[in-house]
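Chemist: Here's a structure for you.
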Amino acid sequence: MKLKIPLVIVFFNAGILASAADVDFANQIKTIFDKSCIECHGPEKQKGKLRLDSREAALKGGKDGPVIVPKDATKSELYRRITLPKSDDDVMPNKGDLLTKAQTDLIRDWINQGAVWPETSSAKEGLPAADATLRRNTPAVPTPDLPKDFQPTPGEGKAIAKLAQSGIEVRPIAANVPWREANLSLQGTNVTDSAIAPLKDISSLVELNLARTKVTDAGLESIGNLPHLQGLHLELTAITDAGLAKIKGLSSLVYLNLYGTAVTDAGLEHLKGMKYLHNLYLFQSKVTPQGVANLKKDLPGLEISTGWELNDLLAKEKKETEKVEKK
């Protein structure tokens with residue numbers, strides 16, 4: 001008869017798994033704040049004297065005091081308000097669509113994990129560049145400059161309008177700047193190659209999130225020549241090495257997320273000309289240590305996250321658990 005696994009091991013494993021699901025403010029929470037909160041709680045308007053466009057202001061709170069209590073979402077007024085029914089006068093946001101359960105759960109988990117908010121990740125801080133998460137400067141890696149005299153082409157407005165008809169919003173990254181961003185991840189599998197085709201005409205695009213969509217290698221041809229694109233999320237898509245071949249011309253790319261894709265070492269070869277690339281995420285892809293090492297030779301300042309350390313730790317814990325079960 002098998003012995004039950006000691007509780008201490010179960011809890012330890014749970015702790016490891018929880019760390020793998022840590023909420024990333026820059027990639028997850030900031031996106032929600034920018035889309036649903038900053039209009040009423042940003043630099044132009046501060047309803048209830050509350051601002052959510054910087055860490056200092058958000059933790060300070062509004063006229064009624066702090067709205068975020070790190071490590072305790074149940075005591076955080078922000079979480080309470082975003083989970084109220086639409087009929088409640090205190091619900092946030094109080095106009096437009098309410099946050100989805102997935103979004104409120106992310107904010108809850110973020111608060112419970114300590115409301116970690118990097119100083120460099122201010123929401124809509126008006127920088128003349130893309131999302132602040134793209135600007136984690138590594139000494140050996142320069143940062144691309146966006147032209148100060150940039151003027152969008154006439155076709156850009158038509159492309160943005162066409163995307164809007166499909167429910168895809170392309171919006172400015174901040175007030176009084178020409179640069180734009182598009183987050184299609186919330187629409188998930190509704191986004192296909194044909195849906196993103198108009199993106200090819202939006203040269204002002206600096207940040208694009210295609211995570212969890214049905215975009216394939218063929219669809220990436222639509223974005224392969226965007227001259228100022230700095231941030232690209234492709235995590236959990238069907239992208240392969242062939243797709244990376246289509247975007248190797250993104251000369252301004254700073255951030256690239258390939259988590260959960262089928263990309264291999266051969267695909268990494270297409271990234272070697274991206275001299276501005278600061279951050280590359282390859283967790284649960286098919287690359288090998290040798291492929292990563294080869295890429296680092298060409299881009300020595302590139303920060304590459306593979307997640308292999310976590311995999312090794314989980315494998316070790318699984319082995320220990322199996323030993324206990326046998327006993």
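Chemist: Name the residues whose placed amide hydrogens come within less than 5 Å of the amide hydrogen of THR288, ignoring near sequence neighbours (fewer than 5 apart) on the same chain.
Modeler: Close amide H contacts, sequence-distant or interchain: ASP265.
Chemist: Can you figure out the FRET efficiency of ASP88 with THR216, using R₀ = 35 Å and their beta-carbon distance, to the nearest 0.05?
Modeler: Details: r = 42 Å, r/R0 = 1.21.
Efficiency for this residue pair is about 0.25.
Chemist: Can I ask one more? Would you kindly derive the ³J(HN,Hα) couplings of the stretch 51-58 from the backbone phi angles with the Karplus curve 6.51 cos²θ - 1.76 cosθ + 1.60 (θ = phi - 60°), listing them in order in whole Hz, with x for Gly and Pro?
Modeler: Karplus-based 3J(HN,Hα) across the stretch 51-58 equals 10, 10, 9, 8, 4, 4, 5, 5 Hz.
Chemist: Using a/c under 1.5 as the rounded threshold, could you call the stretch 23-112 rounded, prolate or oblate? The axes a ≥ b ≥ c are square roots of the C-alpha gyration tensor eigenvalues, and prolate needs a/b larger than b/c, oblate otherwise. Let's see the in-between values first.
Modeler: Values: a/c = 1.17, a/b = 1.04, b/c = 1.13.
Rounded, because the longest to shortest axis ratio a/c is under 1.5.
Chemist: Quick one: which residues, 5 or more positions from GLY62 or on another chain, have an amide H under 5 Å from its amide H? H modelled 1.01 Å from N in the peptide plane, none for Pro or chain starts.
Modeler: Under 5 Å from the amide H of GLY62: VAL67.
Chemist: In sequence order, what are the phi-derived ³J(HN,Hα) couplings for the stretch 197-210 according to the Karplus relation 6.51 cos²θ - 1.76 cosθ + 1.60 with θ = phi - 60°, rounded to whole Hz, with x for glycine and proline?
Modeler: After applying 6.51 cos²θ - 1.76 cosθ + 1.60, I find 3, x, 4, 4, 9, 9, 6, 7, 6, 10, 9, 9, 10, 10 Hz.
Chemist: Using 26 Å as the Cα-Cα cut-off, could you pick out the over-long pairs in LYS200/LYS296; LYS35/LYS86; LYS47/LYS200; LYS63/LYS95; LYS60/LYS148; LYS47/LYS101? Walk me through the numbers on the way to the answer.
Modeler: Numbers: LYS200/LYS296 30 Å; LYS35/LYS86 18 Å; LYS47/LYS200 37 Å; LYS63/LYS95 20 Å; LYS60/LYS148 34 Å; LYS47/LYS101 24 Å.
LYS200/LYS296; LYS47/LYS200; LYS60/LYS148, as the Cα separations exceed 26 Å there.
Chemist: Using the Karplus curve 6.51 cos²θ - 1.76 cosθ + 1.60 with θ = phi - 60°, work out ³J(HN,Hα) for each residue of the stretch 158-173 in order, rounded to whole Hz, and write x for Gly and Pro.
Modeler: Running phi through 6.51 cos²θ - 1.76 cosθ + 1.60 with θ = phi - 60° gives 5, 5, 5, 5, 5, 5, 4, 5, 9, x, 9, 9, 10, 10, x, 6 Hz.
Chemist: Further, regarding this structure: For the residue pair THR192 and GLN284, what label-to-label distance in nm results when each label sits 7 Å from Cα along the Cα-to-beta-carbon direction?
Modeler: The two pseudo-label positions are separated by 2.5 nm.
None of the figures in this text is laboratory data; all of them are computed from the coordinates on show. Computed from a predicted model, the values in this text were never measured in an experiment. Positions of Cβ are backbone-derived with ideal geometry, glycine not excepted, and every protein chain shown enters the neighbour counts.
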